[in-house]
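Here is the structure we will look at.
The values are calculated or read from the model by the stated rules, or taken from the named source; none is laboratory data. It should be emphasised that the depicted structure is a prediction, and the values quoted were computed from it without experimental measurement. Note that we place each Cβ from the backbone using ideal geometry, even for glycine, and neighbour counts take in every protein chain shown. Side chains included, ligands, DNA and RNA excluded: accessible areas come from the protein's heavy atoms. Shrake-Rupley method; radii C 1.70, N 1.55, O 1.52, S 1.80 Å.
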Amino acid sequence: MELFEAIKTRRSIRQYEDGFVVPFEDLKKIIEAGMYAPSAMRKMPWEFLIITDQIMLDKIEKTHKYASFATSAGAMIAICVDKEKEHSGMGVIDVSLASQNIMLAAHAMGYGTCYCGVYPERHEEFADLLQMPPHVDLIGLIAIGKPIETKPIPERYDELKVHINRW
């Protein structure tokens with residue numbers, strides 16, 4: 001898939017083929033794309049937790065009110081920042097950039113994704129659920145699976161939002 005096509009056609013997918021298993025090698029390749037994101041001072045403070053256990057996905061679905069599709073997605077990637085490795089509080093931005101790479105890579109490979117924000121409101125309950133160390137913050141969860149829905153591609157470019165040299 002060509003880059004601009006991937007950018008323009010990626011959508012948040014919330015309906016997945018139940019029982020579909022995303023191959024572990026594909027998940028690794030998708031995470032690898034995340035690791036090629038830029039990061040402040042090249043600190044790369046990201047950590048990724050692959051979640052494929054159906055019991056854990058069910059717990060996530062019950063814990064996050066906007067993740068009603070976690071179990072059917074078949075996989076989630078927890079996007080985390082290691083606060084001991086980030087540069088000047090830029091870790092959340094670094095892992096956000098990695099998240100976009102992950103979602104674009106998954107889309108290019110034919111998977112659907114949906115980002116579910118966690119930080120800062122839901123961090124504590126998920127830190128306990130996922131047994132995370134105290135120096136790591138969970139920023140978000142990305143559901144990944146075989147999509148069974150399609151969404152229209154609206155035009156998003158808005159000339160009124162572009163300013164040149166001055167506001």
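Of these, Ile77, Ile102, which one is within 24 Å of Glu149 (Cα to Cα), open to solvent by less than 10 Å² (accessible area, probe 1.4 Å), of a type in the set (A, V, I, L, M) and in a helix (DSSP H, G or I)?
Working: Ile77 fails: in a helix (DSSP H, G or I).
Exactly one residue qualifies, and that residue is Ile102.
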### Task
Could you figure out which of (1) outside any loop (DSSP other than H, G, I, E, B); (2) open to solvent by 90 Å² or more (accessible area, probe 1.4 Å); (3) under 28 Å from Phe24 (Cβ atoms) isn't true of Glu124?
(3)
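Any residue at all in segment 150-163 that is closer than 24 Å to Phe20 by Cβ and under 17 Å from the mean Cα position of the chain (by Cα)? Explain how you work it out, then say what you get.
Taking segment 150-163 and keeping what is closer than 24 Å to Phe20 by Cβ, we get 150-153.
Remaining after also requiring under 17 Å from the mean Cα position of the chain (by Cα): none.
No; the residues of segment 150-163 include none that is closer than 24 Å to Phe20 by Cβ and under 17 Å from the mean Cα position of the chain (by Cα).
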#### Entry: Residues satisfying the stated conditions in segment 15-43, i.e. assigned to a loop (DSSP other than H, G, I, E, B) and buried (at least 20 other Cβ atoms within 10 Å of the Cβ)
Val22, Ser39
### Task
Assess whether Val95 counts as being assigned to a helix (DSSP H, G or I), touching a strand residue (DSSP E or B) at 6+ places or on another chain (Cβ under 6 Å) and open to solvent by less than 40 Å² (accessible area, probe 1.4 Å).
yes
### Query
Of everything in segment 105-121 that's touching a strand residue (DSSP E or B) at 6+ places or on another chain (Cβ under 6 Å), over 12 Å from Arg10 (Cβ atoms) and not in a strand (DSSP E or B), which residue is modelled with the highest pLDDT?
Val118
#### Entry: segment 44-74, residues that are closer than 14 Å to Arg122 by Cα and either of a type in the set (S, T, N, Q) or in a helix (DSSP H, G or I) (or both)
Lys59, Ile60, Glu61, Lys62, Thr63
### Message
So Leu27 ticks every box in (1) more than 13 Å from the chain's Cα centre (by Cα); (2) closer than 24 Å to Lys146 by Cα but one. Which box is left unticked?
### Response
(1)
